[in-house]
Amino acid sequence: MSAHPPVDPRGPRFTAWVTTVVLAVALVTSWWPLLAAQGVVFAIGAFAGLRVAPYSLVYRYLVAPRLQPTAEREDQAPLRFAQGVGFGFAVLGTLGYALDVPALGVVATAFALAAAFLNAAFAFCLGCETYLLIKRVTPTKERALR
């Protein structure tokens, strides 16, 4: 587990639905300021933490109080990594649209959209799975001593 407190797993799924809608609109309209705003949302989640991420705040104060409590919790580290990956794609997409390289904007936004939709619809966090894979193959002191 990470040093950050675990989160209600329904929060990231709610966040994924909101992100899916925002990215779909950005992809259809090619409006790079919206993609840049989503990039800021990703950056806050990745670097400042999920506790202060805008969509997390909406979930915590408007959605969660209307749901039954759950004891299920999820580690934040993979989720924050996934937000960082989303940030990278949002930056690439924004640059693509803003610098008149629409293919880059479309591809980067589509990749971010696909990942967000997988999480929203199927609870499959591609960034989280990538994080866990990296953790498995990265040498640790314990493995190096064997």
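Consider Leu99 carefully, then state whether it is closer than 18 Å to Trp32 by Cα and not aromatic (Phe, Trp, Tyr). So Leu99 passes the test.
Considering segment 1-52, the residues that are at pLDDT 95 or above and among the hydroxyl-bearing types (Ser, Thr, Tyr) include one that is farthest from Tyr131 (Cα to Cα), namely Thr29. Quick check on Arg60: is it basic (Lys, Arg), part of a helix (DSSP H, G or I) and either within 15 Å of the chain's Cα centre (by Cα) or over 23 Å from Cys128 (Cα atoms) (or both)? When the stated conditions are applied, Arg60 does not pass them. Pairing each residue of segment 105-125 that is small (Gly, Ala, Ser) with any residue that is outside any helix (DSSP H, G or I), provided the two are 6+ apart or on different chains, yields C-beta distances under 7 Å for Gly105/Ser30. Checking each residue in segment 55-104 for being aliphatic (A, V, I, L, M) and touching a residue at least 40 places away in the same chain (Cβ under 8 Å) picks out Val58, Val63, Ala64, Leu67, Ala77, Leu79, Ala82, Val85, Ala90, Val91, Ala98.
I want to confirm something. Restricting to segment 122-144 and keeping residues that are under 14 Å from the mean Cα position of the chain (by Cα) and assigned to a helix (DSSP H, G or I), which single residue is surrounded by the most Cβ atoms within 10 Å (Cβ to Cβ)? Of everything passing the filter in segment 122-144, Gly127 is surrounded by the most Cβ atoms within 10 Å (Cβ to Cβ). Checking the stated criteria, Thr70 turns out to be outside any helix (DSSP H, G or I) and either under 30 Å from Ala103 (Cβ atoms) or of a type in the set (Ser, Thr, Tyr) (or both). Within segment 33-60, how many residues are surrounded by fewer than 20 Cβ atoms within 10 Å (Cβ to Cβ) and in contact with a Phe, Trp or Tyr (Cβ under 7 Å, 6 or more places away or on another chain)? The number of residues fulfilling the criteria is 1. Would you say Ala46 is aliphatic (A, V, I, L, M) and in a loop (DSSP other than H, G, I, E, B)? Answer is no for this residue. Does Arg73 satisfy the condition of being closer than 20 Å to Ala3 by Cβ, more than 12 Å from the chain's Cα centre (by Cα) and surrounded by 11 or more Cβ atoms within 10 Å (Cβ to Cβ)? Yes, satisfied.
The values are calculated or read from the model by the stated rules, or taken from the named source; none is laboratory data. Here the structure is a predicted model, which means the values were calculated and not measured. Here the Cβ is made from the backbone with ideal geometry for all residues, glycine too, and neighbour counts use every protein chain on show.
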